[in-house]
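Structure, as structure tokens:
Derivation of every value follows stated rules applied to the coordinates shown; laboratory data play no part. All of these numbers come straight from a predicted model, not from anything done at the bench. Cβ coordinates were reconstructed from backbone atoms using ideal geometry, including for glycine residues, and neighbour counts include every protein chain displayed.
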Amino acid sequence: MNFVIITHVQHIKENSKYYGYAPYVREMNIWLKYVNEVTVVAPIEKSKLDNIHLDYHHKNIKFKEVPNFNTTSFLNLLRTLFKLPFIVWTIFLAMKRADHIHLRCPGNMGLLGCLVQILFPNTPKTAKYAGNWDPNAKQPFSYKIQKWILNNTTLTKNMQVLVYGEWAGSSKNIKSFFTATYSEIKKESILPRSLKQKINFVFVGTLSIGKQPLYGIQLVDKLKNLGLDVQLSLFGDGVLRNELEKHIESNGLKNFIFLKGNQNKEHIEQAYKESHFLILASKSEGWPKVVAEAMFWGSLPLTTNVSCVNYMINSEKRGKLLSLNLEADTQLVYDLIHNETQYLNMCIEARNWSQHYTTEYFENEIIKLLAVS
């Protein structure tokens, strides 16, 4: 089977291997166990490898490089118009040879893939929609177009679209799905951490406006001012790093707020195991892996009510929703910290739920998806 992947993920080529964002590649490597030929259509960037990069594990992989593009300015729009014919043609040729087409959405390459796949109604297809499928969510117009095409059974045939959560108005193309990080052998009857010690908060993700890491810093700062022994470690990097460093320095927070940068999977796992709470004040998510990962290790998520988060935390039975009102959220967490019995029970609920979604379970579901090809 020639398994063709259309993705916007930036790749790095080094020593004849292709590297990409580790969580994405780690997931794709599970799919690739069950195909004998892989074709990736994606952009390549000239960057150095980092802890967040991982290579594809497959002996027969072909890479079709396409230029990166965006429409964030008029000049970029003009450049994109010149690039589009080549990109669309490359996608078309790859799909023509495909036994199974796999789209990664939403994204600019995902949008083109959604359009070109219409020409191949008889080819088995899957699409991983990693964003928020909520039809009422405020999203870019290009995202809405992708969702409309994928959901439309007249335009899109032989397609299984993997989305997070269950939503009204979904066609037969749509399949509620999940993402997994840890295997069965990682399962432990790990006990929640007592609150009668230093209380550890973690943030894991890109330091970007959408993830709102500053809100987590402000929340922990407020709790510190209320006399609690707390600290926050932020794992990840991004455009806001300098701004956050200045905020920490100017407000005298460096003794309990720590920017850890990008770290490998093992380092993040250990941080979850030692933490009491995960903070994710994100504006938008699909299936927030960090929420499920923290829960796996008995760390309680404090997160905004986006996408399928409320389903994941079972209407606040295994986590708490942030309102993004700093005073109200501070009181919410303060009260929970002073009710250790409730906290411990919620952590156990969170752990038990998350440990159901292992990579073995995920892999079995992938096998079923590929069985139709």
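Taking a ≥ b ≥ c as the square roots of the eigenvalues of the alpha-carbon gyration tensor, the range 109-215 is classed prolate because a/c is 1.5 or more and a/b outweighs b/c. Using just its DSSP H runs of length 4 or more, each adding -39500 (n - 2.57), the chain gives a mean residue ellipticity at 222 nm of -11500 deg cm²/dmol after division by all residues. The longest stretch of the chain left intact once loop-based GluC sites (Glu not before Pro) with at most 14 other Cβ atoms within 10 Å are removed from consideration, loops following DSSP, is 189-315. In units of the rule-of-thumb radius 2.2 N^0.38 Å, the chain shows an alpha carbon radius of gyration of 1.03. Applying both filters, DSSP loop and at most 15 other Cβ atoms within 10 Å, to the trypsin sites (Lys or Arg not before Pro) of the range 23-120 gives Lys33, Lys46, Lys48, Lys59, Arg97. Dipole magnitude for the chain: computed about the Cα centre from +1 point charges on Lys and Arg Cβ and -1 point charges on Asp and Glu Cβ, it is near 1040 debye.
Mind listing which trypsin sites (Lys or Arg not before Pro) in the range 141-173 are in a DSSP loop and have 16 or fewer other Cβ atoms within 10 Å? Answer by residue number: Lys157, Lys172.
For the range 1-138, what class follows from the C-alpha gyration tensor (a ≥ b ≥ c being the square roots of its eigenvalues): rounded when a/c is under 1.5, otherwise prolate if a/b is larger than b/c, else oblate? Here the range 1-138 falls in the rounded category.
Share of antiparallel DSSP beta bridges in the chain, in percent to the nearest 5? Counting only bridges with both partners in the chain, antiparallel ones make up about 15 percent.
With an a/c value under 1.5 for the gyration tensor axes a ≥ b ≥ c computed over the alpha-carbon atoms, the range 184-354 is described as rounded.
The trypsin sites (Lys or Arg not before Pro) of the range 191-243 that DSSP puts in a loop, and whose beta carbon has at most 14 other beta carbons within 10 Å, are Lys196, Lys198. Counting only Cβ charges, +1 for Lys and Arg and -1 for Asp and Glu, the dipole size of the range 184-354 around its Cα centre is about 160 debye.
Amide H contacts for Leu300 (H built 1.01 Å from N in the peptide plane; partners 5 or more residues away or on another chain; cut-off under 5 Å): Phe277, Leu278. Only one residue of Thr304, Ala294, Leu75 has its Cα farthest out toward the positive end of the dipole of the chain, where Lys and Arg carry +1 and Asp and Glu -1 on Cβ, and that residue is Leu75.
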